[in-house]
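Here, each number is a calculation from the coordinates, and none is a lab measurement. Predicted model only: the values in this text are computed from it and were never measured. Every residue, glycine as well, gets a Cβ built from its backbone with ideal geometry; the counts of neighbours run over all protein chains shown.
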Amino acid sequence: MSVKELSSKLKNRELKAVDLAMATFSKIEATESDLHSFISLRKEAALLQADSIDAKLDKGEELSPLAGIPITIKDNMNLRGEKTTCASKMLENFVSPFTSTAVQNLMDAGMVVVGKANMDEFAMGSSTENSAFGPSKNPWDLTRVPGGSSGGSASAIAAGQVPVSLGSDTGGSIRQPAAFCGISGFKPSYGRVSRYGLVAFASSLDQIGPFGRSVEDIAYVTEGLCSHDVHDATSVPAPAPQLVSALTKDVRGLRIAIPKELFSDEIDDGVKGPVYAALDVLKAKGAIVEEVSMQALVASIATYYIVAPAEASANLARFDGVRYTSRIKDAANLTEMFTKTRGQFFGKEVKRRIILGTYALSSGYYDAYYIKAQKARTLIKQSFDRVFANFDVVISPTTPSAAFKFGEHANSPDKMYIADLCTIPANMAGLPALSVPCGFDNGMPVGLQIIGKSFDEATVLRVGDAYQAFTDFHLAKPEAYA
Amino acid sequence: MSIDKKDLEHVLKLAHLDIPDSEKEEFLPQLQRTFSFMKAMDSLPLEGVEPSAYANNQAQFLREDTPENQADLYMEKNAPDWDQGCFSVPQILSGGES
């Protein structure tokens with residue numbers, strides 16, 4: 001059921017928030033052993049929250065359309081009193097000292113947080129195979145990855161465990177798992193959603209956003225998420241955008257650019273086919289599609305794998321065995337405590353990226369790598385500026401392939417990094433970007449990516465919602481969880 | 001230009017990271033392959049381009065420096081070792097002199 005339908009049933013009291021929460025936990029309990037979407041559940045607290053929503057609705061109070069709707073949040077978002085592990089041994093026992101603004105906004109709107117979703121450790125990865133607590137599975141095929149890093153948040157929606165969830169997206173960590181799991185996932189513009197209380201990976205790229213079955217569900221949650229927050233110096237001082245009312249299902253005259261660099265040979269034909277078919281649907285409904293060239297995008301992966309690890313190496317310096325729960329035993333001195341704690345409690349991918357980032361920032365290499373990557377970032381931004389002078393949205397595949405098998409890229413991190421090829425540019429330029437399901441490749445879902453102008457979330461969601469009005473790929477469910 | 005064994009040892013020191021030799025051997029070729037991606041930047045006309053640290057050009061702001069959130073921030077609960085209101089760490093200076 002959609003957020004709108006659930007909200008209407010809750011409001012007219014056909015459905016109680018407590019019963020909806022109970023049904024959600026029953027579904028989770030029945031499916032979780034297959035999927036491992038969650039790191040932790042909070043049944044008691046969620047039922048209390050749902051009960052208080054019921055009390056308000058019984059009194060006839062006018063509440064947000066999100067009131068009483070269950071949601072799961074990625075386990076890198078703080079929720080006071082609950083553990084926030086970032087799927088790392090480093091934070092295995094860390095208890096959140098406060099609640100992140102994005103989560104607080106949704107709880108203030110009455111959303112019921114049922115648990116915390118699995119992810120790649122510190123949001124570094126594209127498969128959840130880097131979770132210290134074991135991977136999540138793709139509900140379409142349990143031998144395949146759900147994508148990452150927000151893989152648990154995506155598998156939970158695809159299997160119907162919860163109606164909506166939150167992820168975070170630094171290089172594609174919402175859109176890529178959304179594409180792999182056949183659901184919708186949205187990264188708002190950088191600065192639109194507060195990062196306060198989100199454990200930092202790469203601060204100039206990180207952004208929180210929602211997953212849902214439909215773009216309409218995403219529009220409801222995004223409206224609730226956005227706010228200006230004085231605790232995040234990059235939060236934009238603007239009111240939350242009106243998104244649900246922007247879903248007009250009209251794409252007549254819409255100008256769509258398709259960059260040839262995002263349809264290169266690295267993209268599987270089985271992915272290109274459904275994406276071109278989706279463009280034909282939009283064309284038939286009145287949109288105008290034109291191919292463009294955005295040469296700077298060929299350096300997206302290079303740029304990202306300098307900038308993101310460089311920022312991560314600084315952000316993760318705080319995990320040194322002094323304040324955050326994990327520390328090796330019997331260190332002889334302070335330096336040994338730092339180095340061995342970090343060596344022992346960080347997983348391999350996190351260590352690789354700390355090394356990569358530290359190297360790029362080190363004396364002698366700073367100009368050759370870090371400054372060069374920041375210049376390439378400028379060119380990526382400028383190439384979007386040029387295209388958006390003549391077009392409303394940029395469309396591409398979300399990922400180069402459909403979901404791959406567990407272990408397929410285990411010993412080749414560089415091959416795993418290719419999974420971010422099409423999603424990184426929107427992070428580099430801070431743009432809103434959506435993935436919606438647009439077909440299948442050998443039975444596995446394929447995603448269509450829609451990128452919009454900075455702070456023009458409304459157009460991006462309008463195009464995605466219109467596409468879902470013309471097609472029914474977003475209604476398809478994996479047989480075992482239908 | 002890519003990372004070699006000597007660079008790796010230097011970076012591990014800078015990053016305060018102690019990893020076993022087996023991981024060094026595993027990581028080095030992987031890191032070298034990742035650095036081979038970086039050649040893609042050489043095809044771009046980067047000369048004279050201003051670097052961007054952020055996507056948006058908006059000015060960042062500072063909030064008023066006033067105390068807030070006086071709740072227990074679980075410092076003691078989350079500390080690996082807590083002693084009389086302080087984080088306790090191993091000895092910093094080697095002993096002997098007094």
- Item | Signed unit charges on C-beta, dipole axis of chain A, positive-most listed residue A:I328, A:F391, A:F25 | A:I328
- Task: Would you work out the charge dipole size for the protein assembly as shown about its Cα centre, treating the Cβ of every Lys and Arg as +1 and the Cβ of every Asp and Glu as -1, and quote it to the nearest 20 debye?
- Result: 500
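Over the whole of B:28-36, what's the average partner chain Cβ count within 10 Å per residue? Rounded to a whole number, please. Don't jump to the answer; show the numbers that get you there.
On the way: counts 1, 1, 9, 7, 1, 5, 12, 8, 2.
That average works out to 5.
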- Message: With θ taken as phi - 60° and the coefficients 6.51, -1.76 and 1.60, list the Karplus ³J(HN,Hα) couplings across the stretch B:32-42 in order, rounded to whole Hz; mark glycine and proline as x.
- Response: 4, 5, 5, 5, 5, 4, 5, 4, 4, 5, 5
- Note on the structure: Interchain or sequence-distant (5+) residues whose placed amide H lies within less than 5 Å of the amide H of A:S127 are A:G148
- Note on the structure: In units of 2.2 N^0.38 Å, the Cα radius of gyration of the protein assembly as shown is 0.94
- Post the alpha-carbon centroid distance, the stretch B:35-50 to the stretch A:213-240, in whole angstrom. 34
- Item | Among the listed pairs B:K13/B:K77; A:K260/A:K453; A:K260/A:K375; A:K187/A:K260; A:K137/A:K453; A:K272/A:K348, those beyond 28 Å (Cα-Cα) | B:K13/B:K77; A:K137/A:K453; A:K272/A:K348
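Using the number of other C-beta atoms within 10 angstrom as an exposure proxy, rank A:C86, A:C226, A:C422 with the fewest first. Don't jump to the answer; show the numbers that get you there.
On the way: A:C86 28, A:C226 25, A:C422 33.
Sorted ascending by nearby Cβ count, the order is A:C226, A:C86, A:C422.
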- Item | Alpha-carbon Rg with Dmax, taken over chain B, Å | 22.9, 62
- Message: Explain nothing, just compute: Karplus ³J(HN,Hα) = 6.51 cos²θ - 1.76 cosθ + 1.60, θ = phi - 60°, for every residue of the stretch A:125-138 in order, whole Hz, x for Gly and Pro.
- Response: x, 10, 8, 6, 5, 8, 5, 5, 10, x, x, 8, 10, 7
- Note on the structure: Checked against the positive end of the charge dipole of chain A (+1 on Cβ of Lys and Arg, -1 on Cβ of Asp and Glu, about the Cα centre), the farthest of A:F211, A:I306, A:P445 is A:I306
- Message: Can you give me the long-range amide H partners of B:D81? Hydrogens built in the peptide plane at 1.01 Å from N, cutoff under 5 Å, separation of 5 or more residues or another chain.
- Response: B:S88
- Long-range amide H contacts for A:A117: which residues qualify at under 5 Å (H placed 1.01 Å from N, peptide plane, sequence gap of 5 or more or a different chain)? A:I39, A:I73, A:K74, A:D75
- May I ask you to evaluate 6.51 cos²θ - 1.76 cosθ + 1.60, the Karplus curve with θ = phi - 60°, for each residue of the stretch A:444-454 and list the ³J(HN,Hα) values in order in whole Hz, giving x for glycine and proline? 9, x, 10, x, 9, 9, 10, 10, x, 5, 3
- Query: Which distance in Å, rounded to a whole number, links the C-alpha centroids of the stretch A:412-471 and the stretch A:41-102?
  - Reply: 28
- Message: Students often get this wrong: which residues of the stretch A:8-37 have the backbone nitrogen under 20 Å from the point 7 angstrom along Cα-to-C-beta of A:E61?
- Response: A:8-22
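For a quick check: sort A:K16, A:K348, A:K74 by the number of other beta carbons within 10 angstrom, fewest at the front.
Working: A:K16 18, A:K348 15, A:K74 31.
So the residues, fewest neighbours to most, are A:K348, A:K16, A:K74.
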- Query: Roughly how big is the stretch B:1-58's charge dipole about its Cα centre, with Cβ charges of +1 (Lys, Arg) and -1 (Asp, Glu), in debye to the nearest 20?
  - Reply: 80
